[in-house]
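These notes are about the structure you will find just below.
The values are calculated or read from the model by the stated rules, or taken from the named source; none is laboratory data. Fair warning: this is a prediction, and the values are worked out from it, not measured in the lab. Using ideal geometry, Cβ is built from the backbone for each residue, glycine included, and neighbour counts are taken over all protein chains shown. Just so you know, the surface numbers come from the protein's heavy atoms only, side chains and all, with ligands and any DNA or RNA stripped out. Shrake-Rupley method; radii C 1.70, N 1.55, O 1.52, S 1.80 Å.
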Amino acid sequence: MPKPTNQEIVARWRDQPAPLLAVLHAFHERDGFLSSDALDGVSKGLKIPIAELYGTVTFYHHFSLQPSGPTLRVCTGNVCRLRGGLELLEALSPKGAKSMPCAGRCDEPVPVLSGSESLVGTSIDTLRAKPSPLPAPNPGGYAECIFAHIREPDRSTLAGYRRTGGYEALSKALREMTPAQVVGIITESKLAGRGGAGFPTGAKWKAVADAPGHPKSIVCNADEGEPGCFKDRAIMDHDPHTVLEGMVLAGYATGAERGFIYLRYEYPETFRTLERAIIEAQAGGLLGRGILDGGFNFEIHLRRGAGAYICGEEGSLLNSLEGKHPFPRNKPPFPVTHGFENLPTAVNNVETLASVPHILRQGATWYRGLGRNGHAGTKLISLSGDIRRPGNYEVPIGLPLKTLLFDWAGGPYSGRTIQAVTMAGLSGGFLAGDAMEVTLDEPSIRGKGSFLGAGGIIVFDDSRDMVRAAHDAMEFFADESCGKCFPCRIGTQRLTERLAGGAGPRDLSAWTEEVRDIGAAMRATSACGLGMAAPFVSDSLLQFFPEAVRFHVAARHTEKP
Amino acid sequence: MSATATERQQTMTLDGQEVTFAQGETLYEVARRHQIQVPTLCYDPRLEAFGGCRLCVVEVRGAKTPVASCTTRAAQGMVVSTATPAVEKLRQTLLEMVVSENREVAVNPLRGFASQELTTLVHRYGAQTGRFQGKHSGKSNSADLNPFILRDYDLCISCYRCVRVCAEQEGDYAISVMHRGFRTQITTEFNGNLKDSSCTFCGQCVQTCPTGALADKKALRGADLPGEIQKTRTICPYCGVGCSVDIMTKGDRMVGIQPAMDGPANQGALCVKGQFAFDFVQHDDRLKTPLLRQPDGSFKEIGWDEALDFAADGFRNALEKHGRRSVYGIASGRAPHEAAYSMQKFIRAGFGTHYVDNCSRA
Ligand SMILES: Cc1cc2nc3c(=O)[nH]c(=O)nc-3n(C[C@H](O)[C@H](O)[C@H](O)COP(=O)(O)O)c2cc1C
Ligand code: SF4
Ligand code: SF4
Ligand code: SF4
Ligand code: FES
């Protein structure tokens, strides 16, 4: 097949919603980079000023502006660093390999992205393509919601999905329920956002349903960029139709007819799985016009990110979809009234949406009852790091952390003890010592000064240098800070420099005061959650590891001035 | 947006005082109207509020964290404190952080209209403390040899006012933000020179820059001249829009031009001519005596009396032979307004015709 011309590529996408990323990927795939000709064509075709387009393209890690051979990207994320990621990068650097932040495969390090294929392995010899792991059967014997059927054969196909009730919720909703009733059940279930912020899903949907303006949109946030989080990948790889069904239901409940999945770049197999699932669903009359022969229409557009953690933040995500520079948006107004193209939009995490069909099929009371100690429902936890059985676990909300770590996941390696765990991937900083006596629910973890967020937990055993771990975490935030606001743009950089050594006062109390003051300014004044959360890392280091900090600062005296 | 008094029908509490506001007003705008100096660096009243510098944060009762007053709209019953000790401390920390990323804070005011904003705030908050030292951000572009705009990004603090003014006010979209985080850098398409971009050299980016990172190269030629900068308000003579400008002089030398932010016709905007094309005033090649063309085509310096007599004869001759409509006056845009006025008076009253125009209508 001849390669498409510039005009053909632009024409293919120009009239589609959210065309920019798709068009850029199409050029990048054809040429291996984005030439100035290509950018000129995109600029004219999509009417984006060329300077703005150029600046925006440089924002994303995975777009290259120079011809470069096929690229290998090695994960040097915070978990893979504990598992030889940096060594693998060095071994592959003669082949032009570059590093990438956490690629969402922490349960099976080290992932290497080769074109549109994910390889895993800890050395060149063991690298091979491998599907992402299925979650293990629930070790606690608890009833599950999202993972209840994920281990069934052929679950990722439409036929397999239908075998155990797939799309029954949709059919029931469209035939027997009003949109308001769907919102009502979700509200009653107490389902709350699983993407990090925990906003009640029913209230979000009601706000979109009530907001004036059309067309409305449902955006499935599948950017999953938080280091140590790989739960959304498991759902999409093994149970893609639940996500689609959840989106159509969200559309029906809110009156939205447009759906977008914003998928992180680092999940190429997932992209193909979702693409296939969308085609199957369309062919099965479950997507598109006149769904299940009724009057409801809903389209799903699949878009790939290009390597930017901040694009998981909903305002940044919407700007990215719209082809704008992906800075977060000022809030209010919120996406529920001013979302995609300034119209009412529900942005929901993959896990949130995947819970919806189950809740509608089995009822709000059933879902609420899955939690413990008065908490409603379940949460997926991505567990990784220095632990015997890393992986995704569906826990009843309220499960003790120690039960998960020791009973479910086998505890630390022999001869080791657990020194600290991160919360919310990296965004919640560290818990250590007695503070690890928490249950997995927001009130309990917030009581220790952290938060559960998206549910990534990275384990550090007693062999690890916690200042180093904190540095690597802060470096991630510095690399991913978008640069919109001062406290985060400068603060993440200064904290990284201080944690690296070689910068900051030589006196411990002055050093500590600088780190605390920067953290306080970031928490109080940052424009989005990235800058607000990053100081959890430095502050929890000061709180739980004062001795290690003292050593670290004392080493400043032996450095050259 | 400035609301009229009758539109201000809602009330809130601002630093302990009950005040009124109109639907849509931001907390910053309300504070401003009440003479409260909330500090800002990324704010330009002509642009959409951006919320980048976070210096404008204020405390709102009931809110978990301070909010940016530039992007937060006032709401009925809000209780707002603009300068609690906690907020002032956050501002000082933020300013100390900004100072730490920058090569210098004290810059020559000739660099641009807003170039002293950072300096002023750093002094107000006593923020030049040497804390938070580390890498500098921004890289000056000395390869861009255009004659007008110095791109001294070592001083840049990534407030993006330049990018936003170019897009929102000028509509040129010549510059943008490259990379991210601490590595952000103001760029043009393909990181080239301004002259190869869609830049029209209107200078608006220079005048809104709060640090002097973008600077008026022509004005900086006068940096070493002795004396204080004097500003004289006048109207740009180049065209019929009538942009207000402040002419900057040192002693009897004109050193540069700045747009008047309160100019009714331009509100801080200028074009390349009004902004940068003033060299002719003090140019060595400028004519200082009348010249008379000789039969061989060369010019001869003559005195004013002789020149005026010669010109008067010419006009009189044309009038007698061809009538009043044979005379047409065009005033020069390079001449002062008083001259333009005299010119039309001269043509209208002297010859009895309306055949008069000004070259700046072209
Ligand atoms: C820096 C940052 C990154 C984020 N990344 C993600 C992400 O990858 N996936 C996600 O679902 N939400 C992410 N969020 C949260 C979203 O902004 C938003 O709250 C969420 O998608 C809403 O969906 P939910 O209510 O279903 O959780 C992120 C937030 C921040 C501040
Ligand atoms: S907090 Fe960081 S990531 Fe968020 S807007 Fe500010 S600079 Fe960007
Ligand atoms: S001089 Fe005018 S056109 Fe050129 S970059 Fe600055 S604002 Fe834009
Ligand atoms: S050059 Fe000036 S106006 Fe532009 S971002 Fe930098 S400091 Fe702000
Ligand atoms: S003026 Fe509000 S953030 Fe800069």
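Distant-in-sequence amide contacts of A:ARG194, defined by a placed amide H-H separation under 5 Å and a gap of 5 or more residues or a different chain, comprise A:ASN349, A:THR352. Inter-part distance, region A:91-147 to region A:519-561, computed on C-alpha centroids, equals 30 Å. To the nearest 10, the accessible area of A:ASP40 is 60 Å² with a 1.4 Å probe. Using a 1.4 angstrom probe on protein heavy atoms only, which residues from region B:40-79 are buried by at least 50 Å² of accessible area when all chains are present rather than their own chain alone? At a threshold of 50 Å² (probe 1.4 Å), the residues of region B:40-79 that become less exposed are B:PHE50, B:ARG54. Only protein heavy atoms count here; under a 1.4 Å probe, A:TRP13 has an accessible surface of about 40 Å². Have a look at region A:498-539 and report residues whose accessible surface goes down by 40 Å² or more when the remaining protein chains are included, against the chain on its own, probe 1.4 Å, ligands and DNA/RNA excluded. Buried by 40 Å² or more upon assembly, which counts only protein chains, are A:GLU514, A:ASP517, A:ALA521, A:ALA524, A:THR525. Cα centroids of region B:116-183 and region A:15-85: 26 Å apart.
Using a 1.4 Å probe on the protein heavy atoms, what percent of the accessible area of region A:174-368 belongs to carbon and sulfur?
Working: 3220 of 5950 Å².
Ligands and nucleic acids excluded, carbon and sulfur reach 54 percent.
Do any residues of region B:172-197 show a loss of at least 40 square angstrom of accessible area between the isolated chain and the full protein assembly, using a 1.4 Å probe, and if so which? By number: B:TYR173, B:SER176, B:VAL177, B:HIS179, B:ARG180, B:GLY181, B:PHE182, B:GLU189, B:PHE190. Can you classify region A:72-129 as rounded, prolate or oblate using the Cα gyration tensor, where a ≥ b ≥ c are the square roots of its eigenvalues, rounded means a/c under 1.5, and otherwise it's prolate if a/b beats b/c and oblate if not? Rounded shape, in that the Cα axes give a/c under 1.5.
Counting helices only, and only those DSSP H runs with n ≥ 4, report the 222 nm mean residue ellipticity of chain A as the sum of -39,500 (n - 2.57) divided by its residues, in deg cm²/dmol to the nearest 500.
Dividing the helical sum by the residues of chain A leaves -12000 deg cm²/dmol.
Determine the shape class of region A:445-493: with a ≥ b ≥ c the square roots of the Cα gyration tensor eigenvalues, call it rounded for a/c under 1.5, and otherwise prolate if a/b is greater than b/c, oblate otherwise. Oblate is the answer for region A:445-493, as a/c is 1.5 or above yet b/c matches or exceeds a/b. Of the complete DSSP H runs in chain B, those spanning 15 angstrom or more by Cα along the long axis with a mean Kyte-Doolittle score not below -1.0 are B:85-100, B:304-322, B:337-351. The residues of region A:466-558 expose, per residue, 30 Å² of accessible area to a 1.4 Å probe.
Order the following by accessible area, largest value first: A:ARG550, B:ARG32, A:ARG329. Probe radius 1.4 Å; ligands, DNA and RNA are ignored. Present the calculation step by step, with values, prior to reporting the outcome.
Working: A:ARG550 105, B:ARG32 130, A:ARG329 55 Å².
My answer, sorted largest first, is B:ARG32, A:ARG550, A:ARG329.
Roughly how many Å² is the accessible area per residue of chain B, as a whole number, for a 1.4 Å probe?
Numbers: 18200 Å² over 362 residues.
That works out to 50 Å² per residue.
Chains A and B together bury roughly 3600 Å² of accessible area, counting both sides, with a 1.4 Å probe on protein heavy atoms only.
In order along region A:434-442, the phi-based Karplus estimate (6.51 cos²θ - 1.76 cosθ + 1.60, θ = phi - 60°) of 3J(HN,Hα) comes to 4, 5, 7, 7, 10, 9, 7, 7, 4 Hz; Gly and Pro are listed as x.
With contributions of -39500 (n - 2.57) from each DSSP H run of at least four residues, the per-residue ellipticity at 222 nm computed over chain B stands at -6500 deg cm²/dmol. When nucleic acids and ligands are ignored and a 1.4 Å probe is applied, B:TYR173 ends up with an accessible area of around 90 Å².
Under 5 Å from the amide H of B:ILE149 lie the amide H atoms of B:LYS217, each residue being 5 or more positions distant or on a separate chain, with H modelled from the backbone and absent for Pro and chain starts. Between A:LEU65 and A:LEU34, the built amide H atoms are under 5 Å apart, and every one of these is 5 or more places off in sequence or on another chain. For B:CYS239, B:CYS199, the ranking by accessible surface with the largest value first comes to B:CYS239, B:CYS199, using a 1.4 Å probe.
Considering only A:ILE518, A:CYS482, A:ALA534, the residue lying farthest towards the positive end of the dipole of region A:466-558 is A:ILE518, judged by Cα position with unit charges set on Cβ.
The Cα center of region B:237-307 and the Cα center of region A:365-410 differ in position by 77 Å.
Under unit Cβ charges (Lys, Arg +1; Asp, Glu -1), what dipole magnitude, rounded to 20 debye, does the protein assembly as shown have relative to its Cα centre? In debye, rounded to 20, the protein assembly as shown gives about 500.
If you roll a 1.4 angstrom probe over the protein chains with everything in place, what fraction of the accessible area of region A:25-118 belongs to carbon and sulfur, to the nearest %?
Values: 1820 of 3540 Å².
Answer for region A:25-118: carbon and sulfur cover 51 percent of the accessible area.
Using a probe of 1.4 angstrom, how much of the accessible area of chain B is carbon and sulfur, in percent? Carbon and sulfur together cover 53 percent of it. Accessible surface comparison of A:ASP107, A:ASP15, B:ASP15, probe 1.4 Å, protein chains only, largest first: the order is A:ASP15, B:ASP15, A:ASP107.
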